[in-house]
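**Student:** Submitted below is the structure of interest, expressed as C-alpha cells.
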Amino acid sequence: QVETLKAKLLEQAQEIGRLRSELGGTDAEKHRDLLAAENERLRQEMKACERELWELRQQQQAPCRDCAHLQENARLQEWLSQLQREAEETRAKMAELDLEVQQKTNRLAEVELRLKDSLAERAEEEERLSRRLRDSQETIASLKSQPQQIKYIIKTVEVESAKAKQALCESQSRNHYLQEQVGMQRQVLKEMEQQLQSSQKTSAQLRAQIMMYEAELEQAHGQMLEEMQVMEEEKNHAIEEAFSRAQVEMKAVHENLAGVRTNLLMLQPALRTLTHDYNNLKRQVRDFPLLLQETLRSARAEIGQAIEEVHSTNRELLRKYRRELQLRKKCHNELVRLKGNIRVFGRVRPITKEDGEGPEVANAVTFDADDDAVLHLLHKGKQVSFELDKVFPPQASQEEVFQEVQALVTSCIDGYNVCIFAYGQTGAGKTYTMEGTAANPGINQRALQLLFAEVRGKAADWDYAISVSAAEIYNEALRDLLGKEPQEKLEIKLCPDGSGQLYVPGLTEFRVQSVEDINKVFEFGHVNRATECTNLNEHSSRSHALLIVTVRGLDRSTGLRTTGKLNLVDLAGSERVGRSGAEGSRLREAQHINKSLSALGDVIYALRSRQGHVPFRNSKLTYLLQDSLSGDSKTLMMVQVSPAEKNTSETLCSLKFAERVRSVELGPVSRKAELASWPSQEQLEVTKGLPVPFLFLSPRALPSRGHTSPGPGQLSGRAASIRRKLQTSG
Ligand code: ADP
Ligand code: MG
C-alpha cells in the first residue's frame, strides 16, 4: 500500500508537471499565478497524502493479528521466499552441471589429444614397419635372385674343383647365414605384425572410449537442455504472473489518475475565481500604502489636536487643582480651629498575658458601634461614658492610629508647632503607641518617615532640613539623651536678644536624612537612657521622654522661611503612687510626676481660659514646651487606657483628664513663618557660643561648646560608637 501511494504521488506529480507544461505552453504569464496557487494546494494535498502514508505506516507497524492482508502478505512472502529458494537451488544445480560439462569437455579434449598422438604414433610405426617390410621384401627378393649365382658357382666348382669346393663351402656358409638372417627378419616381421595388431586393438579401444564419452557428453548436454527448458518455463511463468499483477496495479493507478483528472477539472473553476480574487487583492495592496498614508495623516492631525486639547485641559485642571488645594488647606485649618487646637484621642490596648487571669482582668471597656468617639467604662458596677475626638479599640493597628495623626505631623512642614503626648498609667500602651516595636513601629518612626516623604515631594520648590533631639525629664531634671554627657542636667534659658524665645544650651541636635539615621538616633537615645538607670522599664515609666523634630524650610522662589517643631512626648505613668503610701525616692518621683502632669493640665486650662498668666514655669515639661503649647500650636493628647477590670479606677482618672483637656480651646492657629533670612549652617557655626534660638544647634557646632565637650571616657563605648556614626552621617 505504501509503495502504491508513493507511486500514486509520483504519478500525480508527473501529471501536475504535464498539466503545468500544457498550461505554460498556452499562456504562461496568465497562468503562472494560478499555477502557483494550484501548486500550493497540491502541496497541501501531498502533505495530506504523506500524512496518510505515515498513518498507514503506523498501522503497518501496529500489530494486526487477524488481518487478512497480513495473512495474505505472509503467504505471498513465504511463496516468494520458496521461489527464491528454488531459483537458488536451480542456479546451484546449473553451476554444478556447467562444471561437469566443463570437466568432461576438458577430458574429451585430453582424450582427443592422446588419440591424435597415438594415431600419429601408430602411423609413424606403420610407416616404419612398412619401410622395414619393404626393405625385408627387397632383401628377400635380392636373396631369391642370388641362388642362380650360387648354381653358377657350383657349376663353376664342379668345373674348377678344389677352388670351387672352397668357394662352395663359403657360399654354403654364407647361404646359411643369409637363411638365418631371413629367419630373423621373419621373426621381426611377425613381432611387428603382432605389435601392429595390439596397436590396432588399443586404437579400437580408445575409439570405443571416445564414443562412450561422446555419448555421456550428449546425455549431459541433453539433461542440461532439459533443465534449462524447465527453468525457462518457470521464468516465463513468473514473468507472466508479475505482468498480470503489474497490469492490475496499472489499472488501479489509471483509475486514480482519472480521479485526479476529474479533480483537476473540478478545481479549474475554483482556480479561476481564486485568480480573480487574487488580482483584486493585488490591486487593493497596490492602493493600500496611499490609503494608509492618507489615514495616517488625518489620524496624526486628529491625535495632535486631541493632545493639544488634553494639554489645555490639563493646564486648566492643574490651575483648578492648585486653587482647590489652597482652598482645602484653608478649610482644613478652619476645621482644626473649629474643632479646637487640642485633639484628644483615646486608645484602649488589648488584654495581654501580663494582665494575668481571673475576674480581675475581665474587660471593663465597651464601645459604641455607631460613634467612634464614645467609650463606656464599667466602674464599680456603674457604666460611665466618655466622649473624646476619637477612640481606638484594642484591634486598631499602629497604621490606623498613625493615619489619624499624620495631618498633624505634616502641618509642622508648613511651620506649625505640634505636640503629641501619650498619657496614661504605666502599662496602658504609651510607649507602644509612640515607639512601637521594631516590626511594628509607632508614631515616632512613622512621623519621621512621612516627613522625609513629604519633603522629597516638595524638593522642587523647597529646601528642607530635618533634625532631631531627644531629651528626658526625670525628677524635674532635663537631660540630653543624645549628648556626650547624658547625666548632665540642662538648663532652659531665655534668649538674651529679647525675642522671648527659649533655648537649651548644650542640647544635641542631629540632622537626619534617612530611616537609617532615625534608627541610629533612637538606638543612641535608648543606650544613653539605659546606662543611666538600673531598671529601664521602671525608670522610663517615671520620666517623660521627648523626641523633638525640627523642620526648617526655605522656599527658593520667595525666600520664605518656615520652622515647625514636632514634639513627641511619652509621658511618665499617670498612676497615683503618692496616695498609696510610697516613701523615699519613690515618693519623690511620684510627687514630681504628679506635679508636672498637673502643671500640664494647669497650663492647658490657663491657655483655654485665655488668662493673662500661663504657669508654664511650674514644671520643666511645660516650660520646655512653651513654644509648642501657646496660641499658634496644635496639640494631640493620646490617652492610653487598659481595659482590665483591675485598672478601672486609673482608667477613670485618665479619661477624666482627657475630657478636661479636650474642652480647652487654644487661640486661633497661625503659621509661624517669617520672611527674614534664616541662618545657614555656616552662619550657625560662626555664631557658636552666642545664645542661639532654642534647639537651633547644628550637630557640628556642638563639640566646640565648652560645657558639652567631655572626654571620650565619659561616654559608654557603645554610645560613643553610635555617636561617631551619627556625626559622620549627620
Ligand atoms: P506604657 O508605656 O504605658 O507603660 P507599654 O507601651 O509598655 O505601656 O505597654 C505595655 C504592654 O502592653 C507592652 O507589652 C505592650 O507591647 C502591650 N501593648 C500596649 N498597647 C498595645 C496594643 N495596642 N496592642 C498590642 N499590645 C499592646
Ligand atoms: Mg512606657
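The values are calculated or read from the model by the stated rules, or taken from the named source; none is laboratory data. Every value quoted in this text rests on a predicted model; they were computed, and no experiment measured them. In this analysis, Cβ positions are derived from the backbone assuming ideal geometry, glycine residues included, and neighbour counts consider all displayed protein chains. These accessible areas exclude ligands, DNA and RNA; they are computed on the full protein's heavy atoms, side chains included. Shrake-Rupley method; radii C 1.70, N 1.55, O 1.52, S 1.80 Å.
**Student:** Open to solvent by 10 Å² or more (accessible area, probe 1.4 Å), among the polar types (S, T, N, Q) and either in contact with a helix residue (DSSP H, G or I) (Cβ under 8 Å, 6 or more places away or on another chain) or more than 30 Å from Arg576 (Cβ to Cβ) (or both), is that true of Gln445?
**Tutor:** yes
**Student:** Please go through (1) within 16 Å of ligand 1 (Cβ to nearest atom); (2) out of contact with any helix residue (DSSP H, G or I) (no Cβ under 8 Å at 6 or more places or on another chain) for Thr563 and return the number of the only condition it doesn't satisfy.
**Tutor:** Evaluating Thr563 over (1) within 16 Å of ligand 1 (Cβ to nearest atom); (2) out of contact with any helix residue (DSSP H, G or I) (no Cβ under 8 Å at 6 or more places or on another chain) leaves (1) as the failure.
**Student:** Within segment 240-284, track down each residue that is touching a residue at least 24 places away in the same chain (Cβ under 8 Å), open to solvent by 70 Å² or more (accessible area, probe 1.4 Å) and not basic (Lys, Arg).
**Tutor:** Glu249, Leu274, Tyr278
**Student:** Sticking with this one: Only residues that are touching a residue at least 60 places away in the same chain (Cβ under 8 Å) and not charged (D, E, K, R): list them for segment 375-390, please.
**Tutor:** Correct list: Leu375, Leu377, Leu378, His379, Val384, Phe386, Leu388.
**Student:** Ok, one more. Being closer than 30 Å to Gln395 by Cα and either surrounded by fewer than 21 Cβ atoms within 10 Å (Cβ to Cβ) or within 16 Å of ligand 1 (Cβ to nearest atom) (or both) is true for just one of Ala453, Ala459. Which residue is that?
**Tutor:** From the options Ala453, Ala459, the qualifying one is Ala453.
**Student:** Something else now. Sort out which residues of segment 613-627 are open to solvent by 10 Å² or more (accessible area, probe 1.4 Å) and part of a loop (DSSP other than H, G, I, E, B), and write them in order of number.
**Tutor:** Result: His613, Val614, Pro615.
**Student:** Looking at Glu233, Glu227, Glu240, which one is touching a Ser or Thr at 6+ places or on another chain (Cβ under 8 Å) and under 30 Å from Met94 (Cβ atoms)?
**Tutor:** Going through Glu233, Glu227, Glu240 in turn, just one is touching a Ser or Thr at 6+ places or on another chain (Cβ under 8 Å) and under 30 Å from Met94 (Cβ atoms): Glu227.
**Student:** Hey, another quick one. When residues of segment 412-438 are filtered for being near ligand 2 (Cβ under 9 Å from one of its atoms), open to solvent by less than 10 Å² (accessible area, probe 1.4 Å) and under 52 Å from the mean Cα position of the chain (by Cα), how many remain?
**Tutor:** 1
**Student:** Within the group Glu509, Glu516, Glu472, Glu523, which residue is under 57 Å from the mean Cα position of the chain (by Cα) and within 16 Å of ligand 2 (Cβ to nearest atom)?
**Tutor:** Of Glu509, Glu516, Glu472, Glu523, the one residue that is under 57 Å from the mean Cα position of the chain (by Cα) and within 16 Å of ligand 2 (Cβ to nearest atom) is Glu472.
**Student:** While we're on this one: For Ser469, work out the one condition from (1) small (Gly, Ala, Ser); (2) within 16 Å of ligand 1 (Cβ to nearest atom); (3) in contact with a Leu (Cβ under 6 Å, 6 or more places away or on another chain) it doesn't fulfil.
**Tutor:** (2) is the only condition that Ser469 fails.
**Student:** Next up: Give the number of residues within segment 526-558 that are without any contact (Cβ under 8 Å) to a residue 60 or more places away in the chain and either under 14 Å from Arg479 (Cα atoms) or within 14 Å of ligand 2 (Cβ to nearest atom) (or both).
**Tutor:** So the count comes out to 9.
**Student:** Without any contact (Cβ under 8 Å) to a residue 40 or more places away in the chain and farther than 19 Å from Val639 by Cβ, is that true of Lys353?
**Tutor:** Here the answer is yes, as Lys353 does meet what is asked.
**Student:** A further question follows. For residues that are in contact (Cβ under 8 Å) with a residue 60 or more places away in the chain and among the small types (Gly, Ala, Ser), scanning just segment 408-438, find the one that is farthest from ligand 1 (Cβ to nearest atom).
**Tutor:** Result: Gly415.
**Student:** A follow-up question, please. Looking only at segment 99-118, which residues are surrounded by 15 or more Cβ atoms within 10 Å (Cβ to Cβ) and within 17 Å of Gln205 (Cβ to Cβ)?
**Tutor:** Leu108, Val111, Leu115, Ser118
Results for (1) surrounded by fewer than 15 Cβ atoms within 10 Å (Cβ to Cβ); (2) modelled with pLDDT of 75 or more, shown as yes or no for each residue.
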{"residue": "Leu629", "(1), (2)": "no, yes"}
{"residue": "Val639", "(1), (2)": "no, yes"}
{"residue": "Thr648", "(1), (2)": "no, yes"}
{"residue": "Ser654", "(1), (2)": "no, yes"}
{"residue": "Gln683", "(1), (2)": "yes, no"}
{"residue": "Thr687", "(1), (2)": "yes, no"}
{"residue": "Val692", "(1), (2)": "no, no"}
{"residue": "Phe696", "(1), (2)": "no, no"}
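**Student:** Could you list, in sequence order, all residues of segment 548-566 that are farther than 25 Å from Arg446 by Cβ and part of a strand (DSSP E or B)?
**Tutor:** Within segment 548-566, Leu554, Asp555, Arg561 qualify.
**Student:** Does Leu481 meet the test of being open to solvent by less than 40 Å² (accessible area, probe 1.4 Å) and away from ligand 2 (no atom under 16 Å from the Cβ)?
**Tutor:** no
**Student:** Inside segment 357-407, can you point out the residues that are under 27 Å from Arg446 (Cβ atoms), within 15 Å of ligand 1 (Cβ to nearest atom) and β-branched (Val, Ile, Thr)?
**Tutor:** Residues satisfying the conditions are Val365, Val391, Val401, Val405.
**Student:** Still on this structure, I have one more. Do we find a residue being outside the structural domain of Leu271 (by the TED database), open to solvent by 40 Å² or more (accessible area, probe 1.4 Å), in contact with a Cys (Cβ under 8 Å, 6 or more places away or on another chain) and modelled with pLDDT of 70 or more anywhere in segment 23-45?
**Tutor:** No, the conditions are met nowhere in segment 23-45.
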